[in-house]
Amino acid sequence: MGEESKAVVHGTWASAFTKRVELALKIKGIPFEYVEENLRNKSPLLLKYNPVHKKVPVLVHNGKPICESVIILEYIDETWPSGTKLLPQEPYQRAKFRFWAAYIEQLLESVAKLFNAEKAAQGKALEEVHEKLRILEDGVKEFYFVEKSPDHVHAEKLGMLDIMMVGHLVAFKAQEEVLGVKIIDPEKNPFIASWIQALIQLPIVKETLPPHDNMVGLLQFVKQTGIKLMDKSRGHDRGLESKLQSST
Amino acid sequence: MAEEVKLFRTWSSGYALRIVWALKLKGIEYETIFEDLTNKSPSLLQYNPIHGKVPVLVHDGKPVCESLVILEYVDETWKHNPLLPQDPCEKSMARFWANFGDDKLMKSISQLFIAREKDQDVAAVEALENLKLVEEQLKGKKFFHGETIGYLDLAFGWFADFVSILEEIMSLKLVDGERFPHLSSWIQHFIDAPVIRDCWPPRDKMIIKFQVMREKYLAAATPK
């Protein structure tokens, strides 16, 4: 029973999606074991636990694997309901959280697109990121922060949306340095900038996120070798699928 | 207090059908607003300003967007006849496979659908691999969650209809009974299920719509 009931996170040090899971467990006070995976030489365990996507993070709890970071966050919230709630209880508020969680993922795809872009395409890609950040800002500040200031952040009572954003903070800063652009620009997105500033001060965040210099080194290597970030099924033609499903 | 429930949809959207079925399974009365996405109503743009898409569920004036988010909202708001499993691990699996259906499966089916004849065999490889994974999930079960229709059946519902449309337009057999016995059987059970079968859009209209769409893509892809 002791062996099975423990929580194990399979991840990589640079994966922001892995950081989300580690943070969520720490916020809930759930002890866990961490296994660093090598994505260029995937362990038999990882392939067993995530045969469909062969990716990190995977949370293994009671011997059963849970995959996909947002699904893992909801699992954590439902399995350990006491303590800080990652999602609100009320169905409409939960729906809003889930909607914006999906939007944050789209924002991150745009950030990956910016990183992968050739120099000539960077300007347009950066505009797309800022536009999405603006939409996120307008959407989230209405319902997420009491009195328009991230008070709950200071109390380390992070919710799912905080966790999703914070996982990527070191990556954002490192990408800004490698690309020479401002992704989180306090003039364009003041609310997001102050939200992120509050998050990055927290001890729990500082101890979980990878060191800035390590991330810069990794991203420089990625850029030089031409490896594409987040290059998965998300690169597909949303227009086609949208048409297949929704248009008349 | 009487509730007001509205559903913005189109006549053909498989994602909107998820909500039609969910509301029917729960016995919820609602008003339907059919949208023409080439000429979106001010209401749709007000309720879904960011994406301007269907479906949108409006419950007592509060809009909920994104069909899988709406399904969970419906399930959490009207708790009878639950759609999702109660156990957190099984719930996670359901969400995982719904995402798989909307991402990997949808992508591979779309790519096959617009493939030129000479490219079809290659395009079919990924689609078939993904279908094998879905087939595995249905082993020993009538529906994804067991004996009764639930969240995952609604999530994959678009596929149950679209596969025969694709097969007819492209004159190929994608889901054959020998290679995919469980998936074939699920399709049959699902499309004929009492709550499901009266909701399908007219097949002849669907064939025309998708034929036109496919021809447009093929024409655009042809080198000049």
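The values are calculated or read from the model by the stated rules, or taken from the named source; none is laboratory data. On a predicted model such as this, the values are computed, not experimentally measured, just so you know. Neighbour counts are summed over all protein chains in view; Cβ atoms, including those assigned to glycine, are modelled from backbone coordinates with ideal geometry. Accessible surface areas use protein heavy atoms only, side chains included; no ligands, DNA or RNA. Shrake-Rupley method; radii C 1.70, N 1.55, O 1.52, S 1.80 Å.
Every residue, every condition in (1) open to solvent by 60 Å² or more (accessible area, probe 1.4 Å); (2) in a loop (DSSP other than H, G, I, E, B); (3) not basic (K, R), yes or no:
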{"site": "A:K42", "(1), (2), (3)": "yes, yes, no"}
{"site": "A:L45", "(1), (2), (3)": "yes, no, yes"}
{"site": "A:V56", "(1), (2), (3)": "no, yes, yes"}
{"site": "A:P88", "(1), (2), (3)": "no, yes, yes"}
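Residues of segment B:15-28 that are open to solvent by less than 40 Å² (accessible area, probe 1.4 Å) and not in a helix (DSSP H, G or I): B:I28 alone.
Residues that are under 26 Å from B:T10 (Cβ atoms), open to solvent by less than 40 Å² (accessible area, probe 1.4 Å) and within 11 Å of another protein chain (Cβ to nearest Cβ) do occur in segment B:130-138. Of the listed requirements (1) surrounded by fewer than 15 Cβ atoms within 10 Å (Cβ to Cβ); (2) away from every other protein chain (no Cβ under 13 Å), B:F143 misses just one: (1).
Considered as a group, the residues in segment A:18-38 that are of a type in the set (D, E) and without any contact (Cβ under 8 Å) to a residue 60 or more places away in the chain include one that is surrounded by the fewest Cβ atoms within 10 Å (Cβ to Cβ), and that residue is A:E33. Within segment A:89-110, residues that are more than 7 Å from chain B (Cβ to nearest Cβ) have Cβ atoms under 6 Å from residues that are of a type outside the set (V, I, T) and outside any helix (DSSP H, G or I) in these pairs: A:F97/A:L87, counting only partners at least 6 apart in sequence or on another chain. For segment B:150-170, the candidate set comprises residues that are of a type in the set (D, E) and crowded, with 16+ Cβ neighbours inside 10 Å; within that set, the residue that is modelled with the lowest pLDDT is B:D161. Of the candidates B:K216, B:K205, B:K173, the single residue that is in contact with a Ser or Thr (Cβ under 9 Å, 6 or more places away or on another chain) and open to solvent by 10 Å² or more (accessible area, probe 1.4 Å) is B:K205.
Among the numbered criteria (1) in contact with a Lys or Arg (Cβ under 9 Å, 6 or more places away or on another chain); (2) buried (at least 17 other Cβ atoms within 10 Å of the Cβ), which one does B:Q111 miss? Only one criterion is unmet by B:Q111, namely (1). Any residue in segment B:192-205 that's more than 19 Å from B:L166 (Cα to Cα): show its pairings with residues that are assigned to a loop (DSSP other than H, G, I, E, B) at Cβ separation under 7 Å, as long as the two are six or more apart or on different chains. So the pair list comes out as B:A193/B:I149; B:V195/B:I149. Being at pLDDT below 90, in a loop (DSSP other than H, G, I, E, B), within 14 Å of another protein chain (Cβ to nearest Cβ) and touching a helix residue (DSSP H, G or I) at 6+ places or on another chain (Cβ under 6 Å) is a condition met by at least one residue of segment A:219-233. When residues in segment A:151-175 are screened for being open to solvent by 20 Å² or more (accessible area, probe 1.4 Å), out of contact with any Pro (no Cβ under 9 Å at 6 or more places or on another chain) and at pLDDT below 90, 5 of them pass. Here A:V70 clears all of (1) facing chain B (nearest Cβ under 8 Å); (2) closer than 22 Å to B:L68 by Cα; (3) open to solvent by 30 Å² or more (accessible area, probe 1.4 Å) except the condition numbered (1).
Okay, residues lined up against (1) within 18 Å of the chain's Cα centre (by Cα); (2) more than 16 Å from A:L107 (Cα to Cα):
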residue	(1), (2)
A:D162	yes, no
A:G180	no, yes
A:I184	yes, no
A:Q201	yes, yes
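Within segment B:92-108, the set of residues being open to solvent by 10 Å² or more (accessible area, probe 1.4 Å) and either more than 12 Å from B:L152 (Cβ to Cβ) or more than 7 Å from every other protein chain (Cβ to nearest Cβ) (or both) comprises B:M93, B:W97, B:D102, B:D103, B:K104, B:K107. Can you work out which of the residues in segment B:29-86 that are at the interface with chain A (Cβ under 8 Å from one of its Cβ atoms), out of contact with any Pro (no Cβ under 6 Å at 6 or more places or on another chain) and farther than 18 Å from B:G14 by Cα is surrounded by the most Cβ atoms within 10 Å (Cβ to Cβ)? Among residues in segment B:29-86 that are at the interface with chain A (Cβ under 8 Å from one of its Cβ atoms), out of contact with any Pro (no Cβ under 6 Å at 6 or more places or on another chain) and farther than 18 Å from B:G14 by Cα, the one surrounded by the most Cβ atoms within 10 Å (Cβ to Cβ) is B:H59. Assess whether B:S12 counts as being surrounded by 13 or more Cβ atoms within 10 Å (Cβ to Cβ), of a type in the set (G, A, S), facing another protein chain (nearest Cβ under 8 Å) and out of contact with any Phe, Trp or Tyr (no Cβ under 6 Å at 6 or more places or on another chain). Yes: the conditions hold for B:S12.
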